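Where a number appears in this text, it was derived from the coordinates with a stated rule and is not lab data. Computed from a predicted structure; not experimentally measured. Cβ placement follows ideal geometry from the backbone for every residue including glycine, while neighbour counts extend to all protein chains displayed.
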Amino acid sequence: MNANDFRRIALRLPGAEESSHMGSPDFRVGGRIFATLAAQDKGYGNLMLDPEQQSAFVEELPDVFLPVAGGWGRGGATHVRLAAISEDVLEGALRTAWKLRVSKNAKAGRKAPTKTAKTKTPSRGPSGASRIESKRSKPKRS
């Protein structure tokens, strides 16, 4: 796989759009990022997972997935070694990041994607996103 394959698969997901953040391609649903190609020059795609999902992916395929360095990685941002991943596993990983973003968007009241998915979730690797509690605090009342 390569950056073009990553892009093609990401854009097949319902409501996915390519944008740019700090000069690097990113992939969004509901205006929020679920994946990037910020490290494509190093042979990586990046997924915005939660820490539990990241741990499961890294544990199952340590030659394919690794945490991004620093705080982003501790929060779930995960590198994908593009040359080492199959299309089915990449599709499942991107779908996992997409599902997590869709879930977070729904909790924040963002619009859900409207296109119908024409891809299947592979049997390898974690197949679904866990529900994450919103970290936004409720507004204080005076």
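For this structure, a couple of remarks:
- Exactly one residue among 30, 43, 76 is touching a Pro at 6+ places or on another chain (Cβ under 6 Å) and on the phi > 0 side of the Ramachandran plot, and that residue is 76.
- Residue that is surrounded by the fewest Cβ atoms within 10 Å (Cβ to Cβ), among those in segment 16-36 that are of a type in the set (Val, Ile, Thr) and touching a helix residue (DSSP H, G or I) at 6+ places or on another chain (Cβ under 8 Å): 33
- The residue pairs whose first member lies in segment 87-98 and is among the charged types (D, E, K, R), whose second member is outside any helix (DSSP H, G or I), and whose beta carbons are closer than 6 Å, counting only pairs six or more residues apart or on different chains, are 88/122; 91/119; 95/121.
- Annotation note: of 52, 59, the sole residue that is out of contact with any strand residue (DSSP E or B) (no Cβ under 8 Å at 6 or more places or on another chain) and over 19 Å from residue 84 (Cα atoms) is 52.
- Matching residues in segment 8-36 - criterion: being touching a strand residue (DSSP E or B) at 6+ places or on another chain (Cβ under 7 Å) and more than 14 Å from residue 93 (Cα to Cα): 15, 16, 17, 18, 19, 20, 21, 24, 25, 26, 28, 33
- All of (1) surrounded by fewer than 18 Cβ atoms within 10 Å (Cβ to Cβ); (2) assigned to a loop (DSSP other than H, G, I, E, B) hold for residue 13 with one exception: (1).
- Taken over segment 25-83, the criterion of being closer than 16 Å to residue 2 by Cβ and of a type in the set (S, T, N, Q) is satisfied by 36, 40, 46.
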